[in-house]
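The block underneath contains the structure these notes are about, expressed in structure tokens.
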Amino acid sequence: MTTRATPATSVTEPDISADARPQRDGNGQRPSPNPLREGLRLDRMPEPCTMIIIGATGDLTLRKLGPALYNLMLGGFLPGEFSVVGFARREMTDDQFRDHLLEGINEYSRNRPVNAAVWDSFAQGVAYHRGEFHDPAAYQELAKRLDRLDRDRGTSGNRLFYLAVPPTLYPEIVKQLGAAGLTASGEERPEGTKRGWSRVIVEKPFGFDLVSAGKLNREINQVFDESQVYRIDHYLGKETVQNLAVFRFGNGLFEPIWNRRYIDSVQITVAETVGVEGRGEFYDQTGALRDIVQNHGLQLLTVFAMEPPVEFKAQDLRDEKVKVLRAVKPMTRSDVAANVVRGQYVSGWVEGEKVHAYRDEPEVAPDSQTETFVAMKVAIDSWRWAGVPFYIRTGKTLATRATEISVQFKRAPLALFARAGTPAIDPNILAIRIQPDEGILLRFGAKVPGQGLQIRSVNMDFRYGSSFAVDSPDAYETLLLDAMIGDPSLFTRGDEVERAWEILEPVLKAWAGGEGGALHFYAGGTWGPPAADELLERDGRQWRRP
Ligand code: BG6
């Protein structure tokens, strides 16, 4: 990401050749942007709707939501009637809000420079509504404005609310939406016509622990039916995460070996080179376990480990993911010290740049005990996975930015070549690279050419970038489109989110009670504290360096 400011008005001449737009087939359907979607559901243009971004002046809109909507428009995935209403406290005109969105698109969109014709048509549907989040009148005014939009732009009463506000505001906002009558669920009227639908997208973090997540679920479900609630975990929108399902269930080759008989262990790594990026206050109350493991880490685990669903439909998929979480063996508080390592970065060098210690970050307590690194060992007590350890690690200011799932296979039953004096072959590895450099790597032993018998590990490497000449959409594009279409497959269900908290509850409690092992310090730019390596060494294994 560049930090260079680009003028809000920077647009280029349009390139609206028909070839640049997705073609429709004979039924008016657009071709599917990725193969998994074909299995999940037919690709459809969403019905006309309005997306209301609550907390629209924040960073999320600038960096993610605005660019995602623009790219969906550019790709031809949004109907012409599509409208956006920004709702926030700041005084702003419609034009100023449009400029604000354009600024973000200029800076962060994956397609740049901005296409003037697409932007113009998009901007016509953009409006801003100022109001206080706890003021009932602000929501009544919003409701009137949305009704006008329905009439003027034909958005048919369909509303997608996006809560881009601090989580403490979720209950209040949801309550106010309910009081203003903004929660219609698209039901049929007695005379047979349909009312518009309302859906709500809730950003993470969803709760702070098991109790608060349960409370939040109840508060939201008092107003919105579960089928209207879309809890976002943007990792599920990442192309490679979706491809994991295709890889497993679309090929005959891998699923038969995807179990305890062939797999020795699994490592899930979410490594970041960035620090807390100006979010010190939020992060210091959150920490890596809540920020990454509870959601992204456990979601990767479920997609990797789930049983094949009966159908590629939201309910079946989510049922299978919940089953994985239910099978995760609960830790006792006394297990925590042995199975979980927590760390915090001190100063160091990341990719040639000096980083300050976490405790020196703005708005972080000088004696903070918050973890910026976690490594943990998890067991899944299921028929398929009994006895296979899953190691999850995540950290800020690590040596490399890399998210991957790496599978270590069991060795061949007989060390045939070792008998002939050749050193043992390294275990076979399958690494699913989620980002960057998306792809799949298979590592196996091969004979070094020449006389004698020498064996070396080699790689078979599939790279998205070189195999497909198309750019992957950003996760937010995929997820926003799904929510507009009404497909919750890639969103987290209420019981799923609570179970994820339940798994981590003993860890949070142990740490809060001063148990659960020491906080280990690690220099920025390393792979975390040595204790994380020891966690695997004790089991005779080591972390793969992505
Ligand atoms: C967010 C976390 O959910 O994910 C951030 O709050 C983290 O702390 C980010 O940096 C990582 O997302 P990505 O897509 O950059 O891997």
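The values are calculated or read from the model by the stated rules, or taken from the named source; none is laboratory data. All figures in this text were calculated on a predicted structure; none of them were measured in a lab. Virtual Cβ from ideal backbone geometry, glycine too; neighbours counted across all protein chains shown.
Within segment 500-510, none of the residues are outside the structural domain of MET51 (by TED's automatic domain parsing) and part of a loop (DSSP other than H, G, I, E, B).
Would you confirm, using the coordinates I've provided, whether ALA88 is among the small types (Gly, Ala, Ser) and surrounded by fewer than 18 Cβ atoms within 10 Å (Cβ to Cβ)?
Values: among the small types (Gly, Ala, Ser): yes; surrounded by fewer than 18 Cβ atoms within 10 Å (Cβ to Cβ): no.
The answer is no for ALA88.
Candidates are the residues of segment 177-216 that are more than 23 Å from LEU480 (Cα to Cα) and polar (S, T, N, Q); the one that is surrounded by the most Cβ atoms within 10 Å (Cβ to Cβ) is SER212. Restricting the search to helices (runs of 4 or more DSSP H) fully inside segment 232-335 and requiring at least 1 residues that are surrounded by fewer than 16 Cβ atoms within 10 Å (Cβ to Cβ) and within 12 Å of the ligand (Cβ to nearest atom) gives 280-288.
Could you go through segment 343-351 and let me know if any residue there is closer than 30 Å to ALA386 by Cβ and surrounded by 23 or more Cβ atoms within 10 Å (Cβ to Cβ).
Step one: of segment 343-351, the residues closer than 30 Å to ALA386 by Cβ are 343.
Restricting the remaining residues to those that are surrounded by 23 or more Cβ atoms within 10 Å (Cβ to Cβ) gives 343.
Taking every residue of segment 343-351 in turn, at least one turns out to be closer than 30 Å to ALA386 by Cβ and surrounded by 23 or more Cβ atoms within 10 Å (Cβ to Cβ).
So, ASP59, is that one under 25 Å from LEU236 (Cβ atoms), at pLDDT 50 or above and out of contact with any helix residue (DSSP H, G or I) (no Cβ under 6 Å at 6 or more places or on another chain) or not? For ASP59, the condition - under 25 Å from LEU236 (Cβ atoms), at pLDDT 50 or above and out of contact with any helix residue (DSSP H, G or I) (no Cβ under 6 Å at 6 or more places or on another chain) - is met.
Restricting segment 192-210 to residues that are more than 16 Å from the ligand (Cβ to nearest atom) and either modelled with pLDDT of 95 or more or hydrophobic (A, V, I, L, M, F, W, C) (or both) leaves a set whose member that is nearest to GLU498 (Cα to Cα) is LEU210.
To keep it simple, each residue is scored yes or no on (1) part of a loop (DSSP other than H, G, I, E, B); (2) closer than 30 Å to THR50 by Cβ; (3) at pLDDT 95 or above.
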residue	(1), (2), (3)
VAL458	no, no, yes
ALA469	yes, no, no
PRO473	yes, yes, no
GLU477	no, yes, yes
MET484	no, yes, yes
GLU496	no, yes, yes
GLY517	yes, no, no
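So which of ILE405, ILE380 ends up being within 16 Å of the ligand (Cβ to nearest atom), modelled with pLDDT of 95 or more, surrounded by 18 or more Cβ atoms within 10 Å (Cβ to Cβ) and hydrophobic (A, V, I, L, M, F, W, C)?
Values: ILE380 fails: within 16 Å of the ligand (Cβ to nearest atom).
The match here is ILE405.
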